[in-house]
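Participant: This is the structure I have questions about; it appears just below.
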Amino acid sequence: MGSQNRAIEIALLLTLPAAAALIALNMPLVSVLFERGAFGREQMLATAQTLSAFALGLPAYVLIKVLAPCYFARGDTATPVKVAAVSIAANVALNFALMFVLAQVGIALATALASWLNAALLARGLYAREIFEADARLVKRIPRIFAAAGLMGAGVYALSVVLAPMLTGTEVWRIAALAALVATGLLMFLGLARLFGAARLSDFQEAFTAGMPPALDPRGGAG
């Protein structure tokens, strides 16, 4: 169970700040990357809103990839398929319920919500079979990861307001401002995660080197 807990922890460490940044910087990202030619302000706003809705499901998309193999490793290929079928049905129902109210944003939001349902059902099944149980470290770190990601998102959003003149300037200034926002967000999350005790630098190193051959492992191995 320890490896499952660490996999979930790393998945949240990578996806929660990414989701927070995509939501906080939705308009600068879409504007710098796409707003030119026939892709005007109206299209940019619609795409930015859709991006935020999709970003809400980013952690769930990755958690599904972490949880489903736990079933496959035990020869159970049926349960993930059944859970996926339930999630697809929920996605279709949510699409019809939300698209008439929120248009394309409703479709994106339906996908995010259905993905969270998929991840929750997979986790519930593992817990019910006593295959998975959150350990003390995971329980302690999850709210700290959320807090670090949330504060980072608020921080880069505030900085984007300050840099608004650059983000609406020439192409070079827009790219430079976006790069500064991304770099600041990364450093801010790393600092907040360390401050809150949500992660250590060694956690990322362990995740990066886990699948390396011993000869390539920077921590020192054979060869």
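Participant: Whether any residue in the range 52-74 is over 13 Å from the mean Cα position of the chain (by Cα), farther than 30 Å from residue 191 by Cα and part of a loop (DSSP other than H, G, I, E, B) is what I want to check.
Facilitator: yes
Table: residues versus (1) of a type in the set (Val, Ile, Thr); (2) under 30 Å from residue 72 (Cβ atoms).
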site	(1), (2)
5	no, yes
10	yes, yes
21	no, no
29	no, no
47	yes, no
50	yes, no
56	no, yes
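Participant: Check the range 35-51 and report whether any residue there is assigned to a helix (DSSP H, G or I), surrounded by fewer than 20 Cβ atoms within 10 Å (Cβ to Cβ) and under 16 Å from the mean Cα position of the chain (by Cα).
Facilitator: Yes, because at least one residue in the range 35-51 is assigned to a helix (DSSP H, G or I), surrounded by fewer than 20 Cβ atoms within 10 Å (Cβ to Cβ) and under 16 Å from the mean Cα position of the chain (by Cα).
Participant: With 19, 60, 84 as the choices, which residue is closer than 22 Å to residue 110 by Cβ, buried (at least 20 other Cβ atoms within 10 Å of the Cβ) and without any contact (Cβ under 8 Å) to a residue 60 or more places away in the chain?
Facilitator: Every option except 60 fails the conditions.
No lab work stands behind these numbers, since they all come straight from the coordinates. This structure is a prediction, so every number in the text was calculated from the model and none was measured. Quick reminder, even Gly has a Cβ in these numbers, built from the backbone with ideal geometry, and neighbours come from all protein chains shown.
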